[in-house]
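Every read-out reported here was derived from the displayed coordinates using simple, explicitly stated rules and does not represent laboratory data. Just so it is clear, the structure is predicted and the values come from calculations on it, not from any experiment. Quick reminder, even Gly has a Cβ in these numbers, built from the backbone with ideal geometry, and neighbours come from all protein chains shown.
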Amino acid sequence: MTGALWELFFKGVWITVQLTVYSAALAAAVAFGVGIARTSRLRVVRFLSGAYVEIFRGTSALVLMFWLFFALPLLGWQLAGVWAGTLALGLSYGAYGSEVVRGALGAVAPAQREAAIALSFTPWQRMRKVFLSQALPEMMPPFTNLLIELLKCTALASLLSIGELTFEAKLARLSTGESAQVYGIILVLYFVIAFVVTRIMRLAERRAKASVGRAPEISGGLFSRTPAVTGTAAPAAGGGKP
Amino acid sequence: MNTWSWGYVGDILPDLLKGLGVTVEATLLGSLVSFALGLVWALALRSPSRWVAWPVGAVVEFVRNTPLLVQLFFLFFVLPSWGLTFSPLVTGVIGLGLHYSTYTAEVYRAGIDGVPAGQWEAAVALNLPRRRTWTAVILPQALRRVVPALGNYVIAMFKDTPMLAAITVGDMLFQANTIGATTFDYMEPITVVGVLFIVISYPTSLLLRALERRLVR
């Protein structure tokens, strides 16, 4: 492994991180927008947002990415590879995330809503100050899991020839022929990024919990995710990863 | 530009359905591998010996937190140099199965933890040997609880099989790409593939929800 190859890898890591951040930002916007829309009183809004979730969760992120990259230009919109990747990941993970938002909003005690109405909060204040602020800490652990899944999915962008980590690994493999070494190294690099992301999200979770006056739970292990729940709380719909 | 052509869809449908067959085959075989391996990981993680539990835990975390696509490339390019040559489909099934086994291990773990402590105590009280405790008392109750969650991972795996196209498995996306590369018209093939995914995964998820209501109370 020469210095030039390491340089290639670090460039790849940087693009991977950028892809992850952009798609996560889009996914978060979609998740809150659609998740809140699914609690709407209007039937048509609920139906449309529900249809969005089922469509984008029902199909494969990679197929969506290929569609945006290869099929959309035929309709007259040519997207740069990075944007096709970001859009595909943001839209599909937004659909997964909206289920998290909906679930957490639904778990806020009904009395909170009644209290907010009694205090004559506007609907917007009710959502922001009562519902979201209490639901946010609940959302953090599943969001962490989704973010890791999203990070792993950015590897798909390499198939659109975007110069992220997996793509650089392909170049490195072609120039050195050292498959085991190259792919071994980038697997470790992905693992390190995932570890850092988990730590950052753990901090964010702690802050979110502290802001509503709850002590953070002590959890062991390096990654220690929320356990895959069996039973009624399982994320049954659409077969999403937890 | 050109508009949607149903005639073209009719022409390419046989190839895409052939790809669907490969996709389903990879999903089913991959599921079997992940169900079996996941149980092995889950039991190993409960091992009283730290020398078993710790390395298995490390491997499981590593595989779960790294991309499936890169793992597939690793298997595809590296296994042959170790003298293990498999067809692309078998390599893909190994990759899918291994990756998802780290998820199913979590599912089994939760299922086993969900068996009430009284069942363990009863097994001890009846002087059941360790093996019988697992096969006759704990696992039958745990497995019943985990079926819907495992089903969800089957759907997730189904939606990840297009990645196998990257290691030249002739799945749906691979077929769509091949067609697109010859006709220069990607619109119909990729759209049909996307719709087929929804058409299959959405009813399956509804079915699982129904199953969950029956099995888990």
| remark: Taking A:3-13, A:163-173 and ranking on average Cβ neighbours within 10 Å, highest first, one gets A:163-173, A:3-13
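Is there a simple number for the mean count of other chain Cβ atoms within 10 Å of the Cβ of residues in B:102-109, and what is it? Mind dumping the intermediate values first?
Details: counts 0, 3, 1, 1, 7, 6, 2, 3.
That average works out to 3.
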| request: Please average, across the residues of B:179-192, the number of beta carbons from any other chain that are within 10 Å of each residue's own beta carbon, and give a whole number. | output: 3
| query | Using a simple spin-label model with points 7 Å from Cα along the Cα→Cβ vector, what separation in nm is obtained for residue A:195 and residue A:25? | reply | 2.8
| task | Would you work out which of A:184, A:144, B:100 lies farthest towards the positive end of the dipole of the protein assembly as shown, given +1 charges on the beta-carbon of Lys and Arg and -1 on that of Asp and Glu, about the Cα centre? | result | A:144
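Assign one of three labels to segment A:3-217, namely rounded, prolate or oblate, based on the Cα gyration tensor with a ≥ b ≥ c the square roots of its eigenvalues; rounded applies when a/c is under 1.5, prolate when it is not and a/b is larger than b/c, and oblate otherwise.
On the way: a/c = 3.40, a/b = 1.68, b/c = 2.02.
Because a/c hits 1.5 or more and a/b fails to exceed b/c, segment A:3-217 counts as oblate.
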| request: Please give the average number of partner chain Cβ atoms lying within 10 Å of the Cβ of each residue in A:164-177, rounded to a whole number. | output: 1
| note | Here the membrane-span-like helices of chain A, with no claim about any membrane, defined by DSSP H, Cα axial extent at least 18 Å and mean Kyte-Doolittle at least -1.0, are A:3-37, A:43-58, A:81-106, A:133-153, A:179-211
| message | Straight-line reach only, C-alpha to C-alpha below 23 angstrom: list the lysines that residue B:18 could link to, leaving out same-chain residues fewer than 8 apart. | response | B:159
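Under the classification rounded if a/c is under 1.5, otherwise prolate if a/b is larger than b/c and oblate if not, where does the protein assembly as shown fall, given a ≥ b ≥ c as square roots of the Cα gyration tensor eigenvalues?
On the way: a/c = 1.43, a/b = 1.12, b/c = 1.27.
Rounded, because the longest to shortest axis ratio a/c is under 1.5.
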| field | Karplus-derived 3J(HN,Hα), 6.51/-1.76/1.60, for each residue of segment B:149-159, Hz, glycine and proline x | value | 5, 5, x, 4, 6, 5, 5, 4, 5, 3, 6
| task | For residue A:209, go through the lysines and keep the ones whose alpha-carbon is under 17 Å away, minus same-chain ones fewer than eight residues off. | result | A:129
| Between residue B:117 and residue A:188, what is the FRET efficiency for a Förster distance of 45 Å, r being their Cβ-Cβ separation, to the nearest 0.05? | 0.70
| message | Sorting check: for B:89-99, A:150-160, B:45-55, which peptide has the highest mean count of neighbouring beta carbons within 10 Å, and how do the rest follow? | response | A:150-160, B:89-99, B:45-55
| Relative contact order [Cα under 8 Å, 6+ residues apart], chain B, whole percent | 31
| message | Using a Gaussian network model on chain B with a 10 Å cutoff between Cα atoms, which of B:142, B:58, B:117 fluctuates the most? | response | B:117
| query | What number, in percent, do you get for the relative contact order of segment A:4-104 if the mean sequence gap of Cα pairs under 8 Å and at least 6 apart is divided by its residue count? | reply | 46
| ³J(HN,Hα) computed for each position of segment B:55-72 - Karplus, 6.51 cos²θ - 1.76 cosθ + 1.60, integer Hz, glycine/proline x | x, 5, x, 5, 4, 4, 4, 5, 5, 6, 9, 10, x, 4, 4, 5, 4, 5
